[in-house]
Amino acid sequence: MNAIGATVVLEPVQRSPGYWATVIRRFSRDPLAVGAGIVILLFILMAIFAPYIVPHDPYKGMALRRLRPPGSEGYLLGTDELGRDMLSRLIYGGRLSLFMGVTPVFIALFFGGIIGVTAGFVGGWINTILMRIIDVFFAFPSVLLAIALSGALGAGIANGLISLTVVFIPPIARVAESVTTSVRTRDYVEAARASGASGFRIVRTQVLSNVAGPIFVYSMSLIAVSMILASGLSFLGLGVKPPEPEWGLMLNTLRTAIYSQPVLAALPGLMIFITSIMFNLLTDGLRSAMDIKA
């Protein structure tokens, strides 16, 4: 009650939503990004539960039923060149294709992030040395570098992962260095330095929270590229070895059937295309949702 006896009603303080709450709300309003995320989640669930949902053994074939067209009795998507069920092999192939697409990027995110954040925060001659080493890898196109490394190491899943990881470390490190360099001169970082905080503590509490988002979104955009490169290596015989089902390897083994059964030969490529597009749409949605200033 004030001096003249009137009652003063205090309005409740309206708290603004946090950053991540705003990101989630903005992302949920993007139907393309949400739809892409749902499709990717379905592919991941199919890969995880593949042994329980496939109608046939993806490794067991029969010469008498080879290259049956889609819609054949008992084989929804037909059979491959060895008489193996295409639907089962496509579902199982998603396991290796997603694994070879996601794993190298996240390994490269860890090592490239460390290199880039270190170079950007410390600066000086350390930045110069690290970035010049990174520039050496930029001299080679990613496709040629992946082929050269896989050819030197030999075919196989492990060597393919190593090759793709080396390919993706330089671009992630470059992005991490760029965003860290722009953050280290901000007022809150200077205030932390003035308070006597150690460099490691400043990076952990002030820098990472501001650079992790852009680095992660950029890394997500590389998953589609990683899947295409991994499929290309398998197509060339430098990645996954037969008889493992993998979409790139299936493209290679079915190339002889392109004239007799073109639909069968196109199915693995269609899966690669759909998955890559979905990851790109998801990444675009995340980037737009995190760009709060826009």
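Over region 218-289, the pair-distance histogram of Cα-Cα distances with 10 Å bins from zero comes to 21, 42, 26, 10, 1 percent, rounded to whole numbers.
Dividing the convex hull volume of the alpha carbon atoms of region 207-257 by its residue count gives 85 Å³ per residue. Determine which residues of region 80-114 fall in the zone a paramagnetic label at residue 57 would reach in this model, i.e. backbone nitrogen under 18 Å from the point 7 Å along Cα→Cβ. Within reach of a label on residue 57, which here means backbone N under 18 Å from a point 7 Å along Cα→Cβ, region 80-114 contributes 80-93. Computed with a 1.4 Å probe over protein heavy atoms only, the accessible surface of region 228-294 comes to 48 Å² per residue. The alpha carbons of region 162-204 stretch over 44, 17, 8 Å along the principal axes, in descending order.
Projecting the Cα atoms of 106, 82, 96 onto the charge dipole of region 68-108, computed from C-beta unit charges around the Cα centre, puts 106 farthest toward the positive end. Restricted to Cα atoms, region 11-147 shows a radius of gyration and a Dmax of 23.8, 79 angstrom.
Both radii come from the Cα set of region 152-237: Rg as radius of gyration, Rh as Kirkwood radius; their ratio Rg/Rh reads 1.18. In a fully extended conformation the segment linking residue 256 and residue 140 would gain 38.6 nm over its present Cα-Cα distance, using 0.36 nm per residue.
If you place +1 on the Cβ of every Lys and Arg and -1 on the Cβ of every Asp and Glu, how big does the dipole about the Cα centre of region 149-294 come out, in debye to the nearest 20? Computed charge dipole of region 149-294: roughly 340 debye.
Charges were assigned to the Cβ only: +1 to each Lys and Arg, -1 to each Asp and Glu. The resulting dipole of region 160-230 about its Cα centre is roughly 140 debye. Calculated [222 nm] ellipticity per residue, helices only, for the chain: -22500 deg cm²/dmol; basis is -39500 (n - 2.57) per DSSP H run with n ≥ 4, divided by all residues, nearest 500. In terms of its Cα atoms, region 24-73 spans 54, 22, 14 Å along the principal axes, sorted from long to short. Highest mean first, the peptides 152-161, 248-257 sorted by other C-beta atoms within 10 Å per residue fall in the order 248-257, 152-161. Spacing of the modelled spin labels on residue 236 and residue 66, each 7 Å from Cα toward Cβ, amounts to 2.8 nm.
For the chain, the Cβ-based charge dipole about the Cα centre amounts to some 240 debye (Lys, Arg positive; Asp, Glu negative; other atoms uncharged).
Within the chain, the proportion of Cα pairs with more than 23 Å between them is 64 percent.
For the chain, the residue among 250, 261, 170 whose Cα projects farthest onto the positive side of the dipole built from Cβ charges is 170. Computed from label points 7 Å out along Cα-Cβ, the spacing between residue 38 and residue 21 is 2.6 nm. In this rough spin-label picture, where each label sits 7 Å from Cα along the Cβ direction, the residue 132-residue 114 distance is 2.3 nm.
The values are calculated or read from the model by the stated rules, or taken from the named source; none is laboratory data. Here the structure is a predicted model, which means the values were calculated and not measured. Cβ: placed from backbone, ideal geometry, glycine included. Neighbour counts: every protein chain shown. Calculation scope for accessible area: heavy atoms of the full protein, side chains included, ligands and nucleic acids excluded. Shrake-Rupley method; radii C 1.70, N 1.55, O 1.52, S 1.80 Å.
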